[in-house]
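The values are calculated or read from the model by the stated rules, or taken from the named source; none is laboratory data. Note that this is a predicted model, so its numbers are computed, not measured. Cβ placement follows ideal geometry from the backbone for every residue including glycine, while neighbour counts extend to all protein chains displayed.
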Amino acid sequence: MTEQNQQAGSTMRGDRKLGKGDVDRLGFEPLAGRIAEILTDPAIRDSMVIGLEGRWGSGKSSLLHLIERELEKDGALPHSLVPFRPWLVSKRDALLAALFAELAMAIERIEADRGDATRATGAKAKRAVDAVRDFAGALGKFGGLVEVAGSLMANPILAGAGKAISAAGEAGARDKAGKPLAELKRELEEALGALDHRIIVTIDDLDRLEPAETIEVLRLARSVADLPNVVYLLCYDGNVIAKSIETAANIDDGRAFLEKIVQLTIMVPQPETFQLRFWFESELRDIAVNLDEGVMIRLKMVVEQEGGTWLTTPRAVNRALDSIRLLWSPLREAGLDFADLVWLQLLKDGNPRLYRWVEDYSAVAAEVAIGAARVDEQERSDMLKKLQQAMGEEHWENPYYRAQFAEHLPGIEVDYGKQGQGFNLLARVSHAARNIMIANRRLLSPDHYRQYFALAAPSYSLMQSDFDQFWDAADTDPAAVAKTLIELHEANASRPVGKADLLLERVGDRIPTLDQAKARTILLGFAEGLDAAYRARPFDRFWVFSLWDRAERLVPHLLQQVGDDRAAVLDTMFKSGASIGWLTSLYRHDVFFQGRFGDERKPESEWLFTAAEMDRIARIVEGRYSSMSLSEVLSTIDPRQLFLTWAQGGDASGPTAFIARYVDDDENFLLIVAVLQGDVGTTEGRFKILKRDSLQPMIGYEAARERVGKLAAGKSGVSALAQQLKKSFEDGDHF
């Protein structure tokens, strides 16, 4: 791309009209030439008001610029151009002064512009200037004339206008008592008629004025400044002007009023859709270069689909391009997707309501993807209803549009059934598909979606440095892996799902490429640090996917990479791993999945370990449990789970024998009963309960309940705990 194109691609246009050197992308130049011919037609002798009408954003100002450029050339009749911008005048009363000041300056320039002018021509021009000043002065309100003169004199560019206004005030003061206003206007009309020189006053953005100011400008053009050889070209949105007239004049039909003022209306041609799309596409090529073929294909579809829908005016094109120019620089640095950005910006400008729906949906989908939220059917139904309302019936009924829309967001499936609901929202996205979106940093990525809306990644998202830290730890030792997991887990204390969760979600695709040493280090790091991570920031271990679950899912894949060192790694994990809670959960998983307890044996493909490995692990676990002290067992994350897993794993007598060593002491007895409590949730909250199947066979239910009752009735140091447990027994009777 050339340096000139690069500069063009990065230039913000805002609401700026077509300027000098800009390309006429809408083909207005021939029309501008014809309108300039009309404005300089010698057949027009009297004053005339011509309207250039088009809705906001249609390119009126750009067309006017081209007309003014044409008027700078010689025409069929000598002429002067007076660009009058009433919205730059601060007070309504100053409009008259400003307009006549501009007229006076234009007439003064006639003699200077005509280097070969005769004395007669110069005299005519001077007579016309004097007539303008006399008439303006006689119109009164000299205070307003002097005030606007002072404000214009302060601006070097408008100093000439200020002098003209001052002169007009002086002239008015001189002549107003001598001649009536009608005679002064007649003299002005004669002077302008004899001048044989057209003055063309262009007034842009009439629809920007307040209603009262709009009426004032129209009055000036049609009545007060209705002068020979003066032609007005007004630019406006007809509907806006009509409403302003109705408001200011308190009438019912502003259009009819406008038609009495404007003698000829020229409609700004509506650009064809393909013209706007072509313009948009060509500018996009200057903004983003060297895009991948896949991105280019998707970009073309976006421009055809959404561009054809929302790019209906030149202003819409400029607004979308400016948004893209502004956002693409930081998003390009972050490696995000250009086609996704363009799609979003077209939605934002064309259908803000749908854009907000997409933003909300993307946030919910990301939360679901990382396991931080669940969405029930009623919530899905509400989201779908809002989507239908935002999208509009025309697009909702178009299956092609729905299909294109669904491709930009995760978990959206099109329902093509005649009686279908249009879309299925928050459908499951495979890990492989999600990981591709993350790698490509698409809008569909839970790690990157927020950058498209807020230029910042979600607070929980991973940086490349987080991955680097983890893989460096895997090259070091298990303690480094454990430390990294704990740090990442603590990084998002305000969220149920943190960086450590995401890390374990993301590294799965890399595992098949790991060497034996890395896989071994990661497994031993899990065994060392996952209990500590829980203690650092506790989480619901029974949630959809907890940090422990995410690590558990990686175990079979890591063991596969360990190869012939599996037995040694498993021995080390279960014999000396500090995370006895997490290791117990692994063991418990296969106790049930291998059918060693219960009657729901799963296929071997769902096991974590082989049957032979489980036999070995069982022996290690049982030996480790039995060698622990009571305080060590009670300090584990879930002592009850430990006792149950110990018994269900095949050593039913193990927990009973262990407990028997300590129950003679009342405090130890109560502490053991306390950790065997179950948990139940109700509409009033969660409660601890003690039921028969919670205690037996590890401790006799009846004997334990009786003993707790006696201790609760006593006055020893353990009676308070005994009273709490007595209540748990009683609550257990109701659940």
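E283: farther than 17 Å from D204 by Cβ, of a type in the set (D, E), in contact with a helix residue (DSSP H, G or I) (Cβ under 6 Å, 6 or more places away or on another chain) and modelled with pLDDT of 90 or more, yes or no?
Taking the combined requirement at face value, the residue satisfies it.
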inquiry  = What's the total number of residues in the stretch 37-60 that are outside any loop (DSSP other than H, G, I, E, B), under 24 Å from D24 (Cβ atoms) and out of contact with any helix residue (DSSP H, G or I) (no Cβ under 8 Å at 6 or more places or on another chain)?
reply    = 3
Those residues of the stretch 625-664 which are closer than 11 Å to G581 by Cα, touching a Ser or Thr at 6+ places or on another chain (Cβ under 9 Å), buried (at least 19 other Cβ atoms within 10 Å of the Cβ) and not β-branched (V, I, T), in sequence order = L642
task = Filter the helices (runs of 4 or more DSSP H) completely within the stretch 586-685 down to those with at least 2 residues that are among the hydroxyl-bearing types (S, T, Y) and closer than 26 Å to F526 by Cα.
result = 611-627
query = Quick check, is L387 free of Cβ contacts under 8 Å to residues at least 60 places away in the same chain, in contact with a strand residue (DSSP E or B) (Cβ under 8 Å, 6 or more places away or on another chain) and assigned to a helix (DSSP H, G or I)?
reply = yes
query = Out of (1) small (G, A, S); (2) touching a residue at least 60 places away in the same chain (Cβ under 8 Å); (3) outside any loop (DSSP other than H, G, I, E, B), what's the single condition that is false for G335?
reply = (3)
task = Just name the residue that is nearest to D564 (Cα to Cα) out of those in the stretch 615-624 that are in contact (Cβ under 8 Å) with a residue 24 or more places away in the chain and surrounded by fewer than 22 Cβ atoms within 10 Å (Cβ to Cβ).
result = R616
inquiry  = Step by step: first the residues of the stretch 435-475, then only those that are hydrophobic (A, V, I, L, M, F, W, C) and within 19 Å of V368 (Cβ to Cβ), then the one that is surrounded by the most Cβ atoms within 10 Å (Cβ to Cβ). Which residue is that?
reply    = L444
message = Checking R541 against (1) over 25 Å from Q648 (Cα atoms); (2) modelled with pLDDT under 95, only one condition comes out false. Which one?
response = (1)
ask   = Residues in the stretch 291-300: is at least one without any contact (Cβ under 8 Å) to a residue 40 or more places away in the chain and more than 31 Å from the chain's Cα centre (by Cα)?
value = no
key: Residues that are part of a helix (DSSP H, G or I), of a type outside the set (A, V, I, L, M) and touching a residue at least 24 places away in the same chain (Cβ under 8 Å), drawn from the stretch 693-723   = S694, R705, R707
inquiry  = Quick check on the stretch 711-724. Is at least one of its residues farther than 19 Å from L644 by Cβ and within 53 Å of the chain's Cα centre (by Cα)?
reply    = yes
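Filter the stretch 67-96 for residues that are hydrophobic (A, V, I, L, M, F, W, C), assigned to a loop (DSSP other than H, G, I, E, B) and either surrounded by 15 or more Cβ atoms within 10 Å (Cβ to Cβ) or modelled with pLDDT of 80 or more (or both) and give the result.
Answer for the stretch 67-96, where residues must be hydrophobic (A, V, I, L, M, F, W, C), assigned to a loop (DSSP other than H, G, I, E, B) and either surrounded by 15 or more Cβ atoms within 10 Å (Cβ to Cβ) or modelled with pLDDT of 80 or more (or both): L77, V89.
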ask   = Which number in (1) in contact with an Asp or Glu (Cβ under 9 Å, 6 or more places away or on another chain); (2) surrounded by fewer than 18 Cβ atoms within 10 Å (Cβ to Cβ) marks the one condition that P399 misses?
value = (1)
ask   = Which of the helices (runs of 4 or more DSSP H) contained wholly in the stretch 248-314 include at least 2 residues that are touching a Lys or Arg at 6+ places or on another chain (Cβ under 7 Å)?
value = 254-261, 273-287
query = If the Cβ limit is 6 Å and pairs must be 6+ apart or interchain, which residue in the stretch 587-612 that is loosely packed, with under 14 Cβ neighbours inside 10 Å pairs with which residue that is charged (D, E, K, R)?
reply = G595/R601
query = Of the numbered conditions (1) under 30 Å from D515 (Cα atoms); (2) among the hydrophobic types (A, V, I, L, M, F, W, C); (3) surrounded by 16 or more Cβ atoms within 10 Å (Cβ to Cβ), A406 satisfies every one except a single condition; which is it?
reply = (1)
Criterion violated by S465 - all others in (1) more than 27 Å from T572 (Cα to Cα); (2) touching a residue at least 12 places away in the same chain (Cβ under 8 Å); (3) part of a helix (DSSP H, G or I); (4) among the hydroxyl-bearing types (S, T, Y) satisfied = (2)
message = Can you confirm whether I620 is touching a Leu at 6+ places or on another chain (Cβ under 9 Å) and either basic (K, R) or modelled with pLDDT under 95 (or both)?
response = no
request  = Answer yes if at least one residue in the stretch 409-418 is assigned by TED's automatic domain parsing to the domain that holds V375, of a type outside the set (S, T, Y), farther than 27 Å from D549 by Cα and not in a loop (DSSP other than H, G, I, E, B), and no otherwise.
outcome  = yes
request  = Give the number of residues within the stretch 197-232 that are under 46 Å from the mean Cα position of the chain (by Cα), among the polar types (S, T, N, Q) and more than 18 Å from E70 (Cα to Cα).
outcome  = 1
